[in-house]
1. What is the residue count in the range 74-83 for residues that are surrounded by fewer than 18 Cβ atoms within 10 Å (Cβ to Cβ) and in a strand (DSSP E or B)?
2. Out of all the residues in the range 84-102, which are out of contact with any Leu (no Cβ under 9 Å at 6 or more places or on another chain) and open to solvent by 20 Å² or more (accessible area, probe 1.4 Å)?
3. Could you check the range 254-267 and list, in sequence order, the residues that are open to solvent by 40 Å² or more (accessible area, probe 1.4 Å) and either within 10 Å of ligand 2 (Cβ to nearest atom) or of a type in the set (K, R) (or both)?
4. Hey, among the residues in the range 124-153 that are more than 13 Å from K199 (Cα to Cα) and over 18 Å from the mean Cα position of the chain (by Cα), which one's nearest to ligand 1 (Cβ to nearest atom)?
5. Specify the residue that is farthest from the chain's Cα centre (by Cα); the eligible residues are those in the range 218-248 that are within 14 Å of ligand 2 (Cβ to nearest atom) and among the hydroxyl-bearing types (S, T, Y).
6. So the check is Cβ under 7 Å with 6+ separation or different chains; which pairs have a first residue in the range 78-97 that's more than 16 Å from ligand 2 (Cβ to nearest atom) and a second one that's assigned to a loop (DSSP other than H, G, I, E, B) and of a type in the set (S, T, N, Q)?
7. Looking at the range 93-105, is at least one residue under 16 Å from K28 (Cβ atoms), in a loop (DSSP other than H, G, I, E, B), out of contact with any Asp or Glu (no Cβ under 7 Å at 6 or more places or on another chain) and more than 9 Å from ligand 1 (Cβ to nearest atom)?
Amino acid sequence: MTEQTPVTKTNAVKVPTLPDAQNVTEVKHYTDRLFSFKCTRPASLRFRSGEFVMIGLMGDPDPKTNRQKPLLRAYSIASPSWDEELEFYSIKVQDGPLTSKLQHIKSGDEIILRPKPVGTLVHDALLPGKRIWFFATGPGFAPFASLLRDPQTYEDYEEIIITHTCREVGELTYSRNIIASLKDDELLNEVIGDGFWKKIKYYPTTTRETSVKMGRITDLINSGAAYNDLGVAPLNPDNDRAMICGNLAFNLELKDMLEAAGLEEGANSKPAQYVVEKAFLD
Ligand SMILES: Cc1cc2nc3c(=O)[nH]c(=O)nc-3n(C[C@H](O)[C@H](O)[C@H](O)COP(=O)(O)OP(=O)(O)OC[C@H]3O[C@@H](n4cnc5c(N)ncnc54)[C@H](O)[C@@H]3O)c2cc1C
Ligand SMILES: NC(=O)c1ccc[n+]([C@@H]2O[C@H](COP(=O)([O-])OP(=O)(O)OC[C@H]3O[C@@H](n4cnc5c(N)ncnc54)[C@H](OP(=O)(O)O)[C@@H]3O)[C@@H](O)[C@H]2O)c1
């Protein structure tokens with residue numbers, strides 16, 4: 001007689017209880033490559049605007065053991081540190097292990113969030129200054145969506161310049177919406193005062209689709225066009241502080257430009273004039 005194994009036990013996929021689960025509360029899609037979502041915030045999570053956490057979903061079951069492991073990736077928190085919910089701004093990589101799945105999340109779904117925030121794009125890593133530049137490409141805008149909604153940004157600086165370079169116009173929608181929403185931000189109006197948003201200069205540019213301003217921000221700064229368009233003085237180490245978040249080549253090019261202008265790189269342990277973080281690993 002062959003031993004019979006109860007079918008339900010061997011073949012059933014174990015439904016995992018997600019570790020560090022948070023509930024998705026809102027999802028917005030901007031292009032076929034970009035979306036944002038909000039989720040609940042763990043009561044114990046404290047973070048500084050500009051930091052990132054590891055988030056993800058359960059991976060596919062291992063074919064041999066049927067066990068699932070969390071599939072996690074680094075994500076900048078796009079919401080400010082005071083917000084009750086958390087917001088993230090995400091790429092959709094069609095064959096990306098995480099985002100091929102994450103792009104299909106809906107309100108009510110669970111995601112995994114490891115509540116250990118870290119990162120260099122924080123005010124603590126910069127020395128006091130008069131003007132701050134936020135330089136972003138693509139989804140690298142995410143940490144600045146957080147910092148632009150943090151009162152400290154307006155308390156610490158007289159002028160805030162945010163540059164966002166993307167390939168196509170649609171890829172600027174999220175940053176445009178965030179900037180437009182600032183005027184009506186109740187907390188910022190109350191804490192900083194009416195008209196605080198006049199401190200912001202937003203400089204969106206595209207490189208592969210016609211828009212009002214075309215070109216890489218690096219080229220526009222090198223040619224002086226960005227200074228002319230914005231009506232501001234060139235970068236100088238006495239007044240200017242900067243944060244950079246984009247692809248590796250962009251980060252390195254801007255780093256060189258800032259160093260050439262006399263700014264020094266800072267860190268949490270040694271604040272200086274600029275900080276930099278990758279928006280993705282390669
Ligand atoms: C410190 C840090 C913060 C990050 N914050 C964010 C964030 O706020 N939002 C976000 O979407 N991603 C962010 N990333 C990238 C993120 O960790 C993942 O790489 C991304 O979610 C894709 O995951 P994946 O598993 O689908 O594909 P992966 O295997 O991780 O990536 C596949 C390929 O897709 C491309 N790619 C990955 N991420 C991006 C991106 N953000 N923009 C453009 N191309 C990309 C790269 O060419 C990469 O080799 C961050 C990365 C780091 C290191
Ligand atoms: N965005 C898309 O529509 C699209 C579609 C399919 C696949 N992908 C792939 O997805 C990955 C990421 O694409 P992405 O568009 O999100 O990010 P990206 O390649 O980092 O480009 C974002 C923006 O940054 C600019 N840029 C790149 N390097 C720069 C540098 N050294 N200095 C200044 N500006 C720089 C780009 O200008 P340039 O245009 O001049 O490079 C573009 O405007 C790439 O591997 C890409 O092939 C993108």
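1. The number of residues fulfilling the criteria is 1.
2. Selection gives E84, E85, V93, Q94, D95, S100.
3. Answer for the range 254-267, where residues must be open to solvent by 40 Å² or more (accessible area, probe 1.4 Å) and either within 10 Å of ligand 2 (Cβ to nearest atom) or of a type in the set (K, R) (or both): just K255.
4. So the residue we want is L126.
5. Among them, the one singled out is S223.
6. The qualifying pairs are P80/S49; S81/S49; E85/S79; L86/S79; E87/S79.
7. Yes, some residue in the range 93-105 is under 16 Å from K28 (Cβ atoms), in a loop (DSSP other than H, G, I, E, B), out of contact with any Asp or Glu (no Cβ under 7 Å at 6 or more places or on another chain) and more than 9 Å from ligand 1 (Cβ to nearest atom).
So that you can scan it fast, the table gives a plain yes or no per residue for (1) aromatic (F, W, Y); (2) in contact with a strand residue (DSSP E or B) (Cβ under 9 Å, 6 or more places away or on another chain); (3) in a loop (DSSP other than H, G, I, E, B); (4) at pLDDT 95 or above:
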site: D219; (1), (2), (3), (4): no, no, no, yes
site: N236; (1), (2), (3), (4): no, no, yes, yes
site: K255; (1), (2), (3), (4): no, yes, no, yes
site: F280; (1), (2), (3), (4): yes, yes, yes, no
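The values are calculated or read from the model by the stated rules, or taken from the named source; none is laboratory data. Source: prediction; values computed, not measured. Glycine gets a Cβ as well: all are built from the backbone with ideal geometry, and neighbour counts include every protein chain shown. Accessible surface areas use protein heavy atoms only, side chains included; no ligands, DNA or RNA. Shrake-Rupley method; radii C 1.70, N 1.55, O 1.52, S 1.80 Å.
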